[in-house]
Structures are given as C-alpha cells and as structure tokens.
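The values are calculated or read from the model by the stated rules, or taken from the named source; none is laboratory data. The structure displayed is predicted, hence computed values, not measured ones. Here Cβ is always computed from backbone atoms with ideal geometry, including for glycine, and neighbour counts include all displayed protein chains.
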Amino acid sequence: MIYENTPITNSFVSVPEDMGSFNCAAFIAGIMSGVMDSANFHAKVTAHTVSEDNKPDTTVFLVKFRRDVMEREAKLGPA
C-alpha cells in the first residue's frame, strides 16, 4: 500500500455528484500499473479514499502482485 495525502489529480479535478465517491487518483493508479507491467512486475493497482476525523481525505494505492511475480521473487531469496 502506498499512502498519498493529496494526489495532484484530486487537487485539480472536480468529481460530479452523480459519480459518487469516484477517486480521480485512479488515473495515477493506471500509470503505476503500466510502469510496473513494463518492468515485468505485473500487478493490479487500485486507488481508494480513506477518510479520518479532522483530517483531509487520504488516497491509498493498493498494489496486488500477480502470483507468478510473487513466486519469482520468493525464488530469489532474501535481499
């Protein structure tokens, strides 16, 4: 998980009311996924909004690596 307090996309894009809790940082999650795929670390990256009392909303990027990536990295052993 990667925590981001104020993603740049959320600062400059207004979400229409009919889109509910859509997080504009999903665009950044797509970029992260593309970069990771091109580096042969295939993963699904999603953006989630986390709200806490008296704090601005935080975006959490959840990175889920594919099973074959995890198995490959486990074979390499500890760093």
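Annotations for the structure displayed:
- Thr58 touching a Lys or Arg at 6+ places or on another chain (Cβ under 9 Å) and of a type in the set (Val, Ile, Thr): no
- Ala74 vs. criteria surrounded by fewer than 10 Cβ atoms within 10 Å (Cβ to Cβ) and among the aliphatic types (A, V, I, L, M): yes
- Selection status of Val69, surrounded by 13 or more Cβ atoms within 10 Å (Cβ to Cβ) and hydrophobic (A, V, I, L, M, F, W, C): yes
- Within the stretch 58-76, the residues that satisfy the criterion of being in contact (Cβ under 8 Å) with a residue 24 or more places away in the chain and either over 9 Å from the mean Cα position of the chain (by Cα) or more than 17 Å from Val35 (Cα to Cα) (or both) are Thr58, Thr59, Val60, Phe65, Arg66, Asp68, Val69.
- In the stretch 1-12, residue modelled with the lowest pLDDT [restricted to those that are farther than 23 Å from Phe65 by Cα and surrounded by 13 or more Cβ atoms within 10 Å (Cβ to Cβ)]: Asn10
- Among the residues of the stretch 8-59, those that are touching a strand residue (DSSP E or B) at 6+ places or on another chain (Cβ under 8 Å) and of a type in the set (D, E, K, R) comprise Asp37, Lys44, Glu52, Asp57.
- Residues in the stretch 45-63 that are more than 18 Å from Ser14 (Cα to Cα) and surrounded by 13 or more Cβ atoms within 10 Å (Cβ to Cβ): 6 in all.
- Checking each residue in the stretch 22-42 for being surrounded by 18 or more Cβ atoms within 10 Å (Cβ to Cβ) and touching a helix residue (DSSP H, G or I) at 6+ places or on another chain (Cβ under 8 Å) picks out Asn23, Cys24, Ala25, Ile28.
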